[in-house]
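Data block below; observations after.
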Amino acid sequence: MTALAFTGARVVDPATGFDGRATVLVRDRVIAGIGDAAPPSDAEIIDASGLVLAPGLIDAGVFRADPLACHAGGITRVVLMPDQRPPLDDPALVAFAREVGKPDVWVHPLVAATRDLAGQELAEIGLGKAAGAVGIATGREGIANSAVMHRLLAYSRAFDMVVVTHAEDAALVAGAVATEGDYATRFGLAAAPAFAESLAIARDIRLAEATGARLHIRQVTTAEGIALVRAAQERGVHVTAGVTPAHWLLNETAVAGFRSFARLSPPLRCEDDRRAVEAGLADGTISIVTSGHDPRTQEDKRLPFADAMPGMAGAETLLALALSLVRSGAMDLPAALKTMTAAPATLFGLEGGRLTAGAAADLVLFDEGSPWRIDGDRFTGAGNTPFDNLPVQGRVRMTVKGGELVWRG
């Protein structure tokens with residue numbers, strides 16, 4: 001494999017705090033060196049002047065591993081949710097899921113918390129870990145039965161596996177497609193109160209605190225929920241939180257006109273909650289940013305709002321949308337990148353997410369200021385995005401996975 005030498009780039013490694021100009025040499029699928037030494041004569045020299053070189057992005061919590069979409073988005077690793085067909089509740093299915101992305105993208109599956117994701121009987125969690133699962137997940141829905149959730153958290157601690165949960169009270173959100181409020185009332189949409197999230201978060205945090213388990217709430221989207229997570233973190237509970245760009249860039253007004261592409265789970269919230277999400281990212285309460293990549297088919301989305309399936313395609317726009325946090329002043333560039341590199345790598349014990357000698361050569365080279373307009377029709381896969389036609393900045397120029405140049409934009 002040809003060695004690659006990136007010269008002139010601003011190299012940002014959130015894992016070590018390095019942020020400066022350097023030459024990065026890639027050889028034999030690993031990072032061979034970072035510094036100011038002249039590139040070796042046998043290396044392909046890539047002039048990266050004016051660009052940013054960072055670890056390949058880790059998209060922590062996708063529902064489908066789409067290699068082309070990942071490459072276009074600078075993503076080299078995905079943490080795959082167990083909501084597959086069939087669900088990843090068996091070690092053989094976990095092992096198969098781990099291999100589906102090869103050689104294009106690293107796939108790290110989460111084993112289903114319960115059989116068939118039904119929330120009743122625990123799945124083979126220990127065998128799932130042995131098959132390659134990097135965590136446990138309840139899937140698109142939480143576990144309504146508190147006794148089952150308590151047993152799951154206690155069991156997870158024995159295997160030192162993080163439990164990824166969906167935080168909504170199932171009884172309150174049953175049949176709902178929007179957040180309770182003026183907009184849902186105006187459009188006649190079945191709605192649930194926003195505190196359905198905080199009720200679930202409060203219960204799961206209390207159970208995690210009682211068992212000493214590691215809990216990750218995949219999406220925290222309300223001010224009340226964020227306050228609960230922040231308070232738990234301050235008293236030492238092992239809880240982390242994530243969010244998708246939709247919940248700090250959009251609010252409930254995006255459903256105007258019954259835009260089914262804005263039908264998400266959790267649903268879009270009020271403006272105060274949107275602002276709270278951005279503040280939670282700024283102060284570190286929310287430490288993971290994920291695309292929530294869930295590219296539904298046209299048949300699933302081009303329906304009346306209440307009948308459309310929740311979800312959006314997000315892999316190709318993850319970096320550009322995350323960079324909005326930098327432009328707004330909520331975070332600096334290393335902090336924003338950390339939410340998609342070092343933080344998920346640490347949470348799930350992954351090899352990637354860092355730029356150090358000997359580390360896996362997973363890299364993204366991007367132009368932080370390059371303007372473009374999101375066009376769902378030009379996505380490599382399904383284009384169901386609520387951000388269609390939104391002007392953004394930040395374009396991926398190259399994606400390197402395992403030392404191989406897999407995308408050039």
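The values are calculated or read from the model by the stated rules, or taken from the named source; none is laboratory data. Every value quoted in this text rests on a predicted model; they were computed, and no experiment measured them. Note: ideal-geometry Cβ built from the backbone for every residue, glycine included; neighbour counts use all protein chains shown.
So for the stretch 63-76 (the condition being at pLDDT 95 or above, among the hydrophobic types (A, V, I, L, M, F, W, C), crowded, with 16+ Cβ neighbours inside 10 Å and in a strand (DSSP E or B)), does at least one residue qualify? Scanning the stretch 63-76, I find at least one residue that is at pLDDT 95 or above, among the hydrophobic types (A, V, I, L, M, F, W, C), crowded, with 16+ Cβ neighbours inside 10 Å and in a strand (DSSP E or B), so the answer is yes. Here the helices (runs of 4 or more DSSP H) wholly within the stretch 295-375 that include at least 2 residues being surrounded by 22 or more Cβ atoms within 10 Å (Cβ to Cβ) and in contact (Cβ under 8 Å) with a residue 60 or more places away in the chain are 318-322, 333-338, 342-348. Against the definition (within 21 Å of Ala382 (Cα to Cα) and in contact with a His (Cβ under 8 Å, 6 or more places away or on another chain)), how does Arg77 come out, yes or no? For Arg77, the condition - within 21 Å of Ala382 (Cα to Cα) and in contact with a His (Cβ under 8 Å, 6 or more places away or on another chain) - is met. Where helices (runs of 4 or more DSSP H) sit wholly within the stretch 134-220, those with at least 2 residues that are within 24 Å of Glu234 (Cβ to Cβ) occupy 146-158, 195-211. Looking at the stretch 281-301, which of its residues are touching a helix residue (DSSP H, G or I) at 6+ places or on another chain (Cβ under 7 Å) and either under 14 Å from Ala262 (Cα atoms) or not hydrophobic (A, V, I, L, M, F, W, C) (or both)? Scanning the stretch 281-301 gives Thr285, Ser287, Ser291, His293, Lys301.
Give Ala194, Ala202, Ala154, Ala130 a once-over and let me know the one that is modelled with pLDDT of 95 or more, of a type in the set (A, V, I, L, M) and touching a Lys or Arg at 6+ places or on another chain (Cβ under 8 Å). It would help to see each step written out before you state the result.
Values: Ala202 fails: touching a Lys or Arg at 6+ places or on another chain (Cβ under 8 Å); Ala154 fails: touching a Lys or Arg at 6+ places or on another chain (Cβ under 8 Å); Ala130 fails: touching a Lys or Arg at 6+ places or on another chain (Cβ under 8 Å).
Just one listed residue meets the conditions, Ala194.
Only one of Ala167, Ala178, Ala208, Ala171 is buried (at least 21 other Cβ atoms within 10 Å of the Cβ), over 23 Å from Glu278 (Cβ atoms) and modelled with pLDDT of 95 or more. Can you tell me which?
Values: Ala167 fails: over 23 Å from Glu278 (Cβ atoms); Ala178 fails: over 23 Å from Glu278 (Cβ atoms); Ala171 fails: buried (at least 21 other Cβ atoms within 10 Å of the Cβ).
The unique qualifying residue is Ala208.
Among the residues here, Leu228 qualifies as of a type outside the set (D, E, K, R) and part of a helix (DSSP H, G or I). Selection of first residues in the stretch 11-30 that are in contact (Cβ under 8 Å) with a residue 60 or more places away in the chain and of second residues that are aromatic (Phe, Trp, Tyr) and surrounded by fewer than 21 Cβ atoms within 10 Å (Cβ to Cβ), restricted to Cβ pairs under 8 Å at least 6 apart or on distinct chains, gives the following pairs, ordered by first then second residue: Val11/Phe18; Val12/Phe18.
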